[in-house]
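Just so you know, all these numbers are worked out from the coordinates, no wet-lab data involved. Just so it is clear, the model here is predicted, and its values are computed rather than measured. We place every Cβ from the backbone using ideal geometry, glycine too, and count neighbours over all the protein chains shown.
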Amino acid sequence: TWYRIAQAYDSQLEEAVSWNADKMNSSNTIELATLQRGAINCYTMAVACSAREADASSYQRLQIAQMYTEFGDRIYASSREPFNMEAFQTRDTERRFVNLPGLSGAQRDVPFIALQPYTAWKFASTLYKRAIGNNPDKWWNHYMLAKSLWKMWASDRRAVLQSLAGAIPPGQQAPTWE
């Protein structure tokens, strides 16, 4: 199934990261990003297949909850150090030639807009909420949901403070939570 293939990609990624720090430290992280993308694509397909199981048994609901948890873990981990959103970025070799209206000839274009960290955390929090809906007793889901929500809040707070930075007169300090 797609879920098992996603777990295989996660296992390969875990092995590559834990046994060989050279891949993490080198500038060539294409293999790690490819493994992350493979896992994310397979988890996406698994979620699509599980959505058809509306009347799942309690055992199947626990399995679906576990899948949501692992998918959320993959999205969250891919957004943090040491992966740095690499799986969600496009490389120059992935740019496609397209014919844009009003322009003559083929132009190089990015096939999609890269996922931003805030959106990744929001998606991970949605996956953790779904996992909690199917298995509310697992503490890990609550913990990771809180971490995702904290990251979202902290990044949004920074954006607000940066936008207000010019509004504070020189010599005065803005209030802080610290």
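Karplus-derived 3J(HN,Hα) values for the stretch 31-47, using 6.51 cos²θ - 1.76 cosθ + 1.60 with θ = phi - 60°, are 4, 5, 5, 5, 5, 4, 4, x, 5, 5, 5, 5, 4, 4, 5, 5, 5 Hz; glycine and proline are entered as x. Between SER57 and GLU81, the modelled label-to-label distance comes to 4.6 nm, taking each label 7 Å out from Cα in the direction of the beta carbon. Shown in residue order for the stretch 122-130 are the 3J(HN,Hα) couplings computed by the Karplus curve 6.51 cos²θ - 1.76 cosθ + 1.60 at θ = phi - 60°: 5, 5, 4, 5, 5, 5, 5, 5, 5 Hz (x for Gly and Pro).
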